[in-house]
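Input: one structure, supplied below.
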Amino acid sequence: MSITAGVTLLNAVTSTGASDVLEHSVPVRNHTLQVTITGAPSAVSVALLGSLDNSTFVLITTHAFDAGELTATKAMFFDVDKPMPYIKADLTVLTAGTAPTVTVKYVGGNSSDQRKARLGQF
């Protein structure tokens, strides 16, 4: 099985920087990030990075919070068909606010596994 269920990559961080590496036993194709914020920052951007060798990380996707997401204090974004065995989140922008924090949760999987999980076939 290659579904990762709700792994917290960044937990209430207060400054920019990357998470520890999440290693999958097989490359994971589909990626979802859920980001929550506190402290009313004026700008937040989060990147998802991947690597084939746990050494050279490349950008899979990035997301800058829009005004509505800043107000709602949350965002969720996705990327598909980018198989990677090593994943990490990178908080690239965190501006202003009152003691702002950012939490990033990750779920990754492969299409056939995700269908099986929805059907309870594991």
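Would you confirm, using the coordinates I've provided, whether residue 89 is within 18 Å of residue 9 (Cβ to Cβ), touching a helix residue (DSSP H, G or I) at 6+ places or on another chain (Cβ under 8 Å) and aliphatic (A, V, I, L, M)?
Numbers: within 18 Å of residue 9 (Cβ to Cβ): yes; touching a helix residue (DSSP H, G or I) at 6+ places or on another chain (Cβ under 8 Å): no; aliphatic (A, V, I, L, M): yes.
No; evaluated as a whole, the condition is false for this residue.
Report, by residue number, each residue of the range 82-96 that is without any contact (Cβ under 8 Å) to a residue 60 or more places away in the chain and either part of a loop (DSSP other than H, G, I, E, B) or over 14 Å from residue 38 (Cα atoms) (or both). Walk me through it before giving the result.
Quick first cut of the range 82-96, residues without any contact (Cβ under 8 Å) to a residue 60 or more places away in the chain only: 82-83, 95-96.
Matches in the range 82-96: 82, 83, 96.
Okay, moving on. Return the total of residues in the range 1-57 being touching a residue at least 60 places away in the same chain (Cβ under 8 Å), hydroxyl-bearing (Ser, Thr, Tyr) and in contact with a helix residue (DSSP H, G or I) (Cβ under 9 Å, 6 or more places away or on another chain).
1
Is there a residue in the range 25-33 that is modelled with pLDDT of 95 or more, over 12 Å from the mean Cα position of the chain (by Cα) and assigned to a strand (DSSP E or B)? Talk me through it step by step, then tell me what you get.
Going residue by residue through the range 25-33, those that are modelled with pLDDT of 95 or more are none.
No, that holds for no residue.
Next up: How many residues are under 19 Å from residue 102 (Cα atoms) and either touching a residue at least 12 places away in the same chain (Cβ under 8 Å) or in contact with a strand residue (DSSP E or B) (Cβ under 6 Å, 6 or more places away or on another chain) (or both) if we restrict to the range 58-69? Steps first, answer last, please.
So in the range 58-69, the residues under 19 Å from residue 102 (Cα atoms) come out as 61-69.
Now drop any that are not either touching a residue at least 12 places away in the same chain (Cβ under 8 Å) or in contact with a strand residue (DSSP E or B) (Cβ under 6 Å, 6 or more places away or on another chain) (or both), which leaves 61-65, 69.
Final tally of qualifying residues: 6.
Return the residue satisfying two criteria in turn: it lies in the range 83-100 and is farther than 24 Å from residue 23 by Cα and aliphatic (A, V, I, L, M), and of such residues it is surrounded by the most Cβ atoms within 10 Å (Cβ to Cβ). Give the derivation first.
Residues of the range 83-100 farther than 24 Å from residue 23 by Cα: 93-100.
If we keep only those that are aliphatic (A, V, I, L, M) as well, we get 93-94, 96, 99.
Working: 93: 16, 94: 22, 96: 10, 99: 9.
Restricting to residues being farther than 24 Å from residue 23 by Cα and aliphatic (A, V, I, L, M), the top hit is 94.
Right, here's the next one. Of the residues 80, 28, only one is among the β-branched types (Val, Ile, Thr) and surrounded by 15 or more Cβ atoms within 10 Å (Cβ to Cβ); which?
Details: 80 fails: surrounded by 15 or more Cβ atoms within 10 Å (Cβ to Cβ).
Only one candidate qualifies: 28.
Would a scan of the range 60-81 turn up a residue that is on the phi > 0 side of the Ramachandran plot, of a type outside the set (Asp, Glu) and part of a strand (DSSP E or B)?
Taking the range 60-81 first, the residues on the phi > 0 side of the Ramachandran plot are 73, 81.
Among the residues that remain, those that are also of a type outside the set (Asp, Glu) are: 73.
Still in the running and part of a strand (DSSP E or B): none.
No: the range 60-81 contains no residue that is on the phi > 0 side of the Ramachandran plot, of a type outside the set (Asp, Glu) and part of a strand (DSSP E or B).
The values are calculated or read from the model by the stated rules, or taken from the named source; none is laboratory data. No experiment lies behind these values; they were computed from the predicted model shown. When we count neighbours, we look across all protein chains shown, and the Cβ atoms used for this are built from the backbone with ideal geometry, even at glycine.
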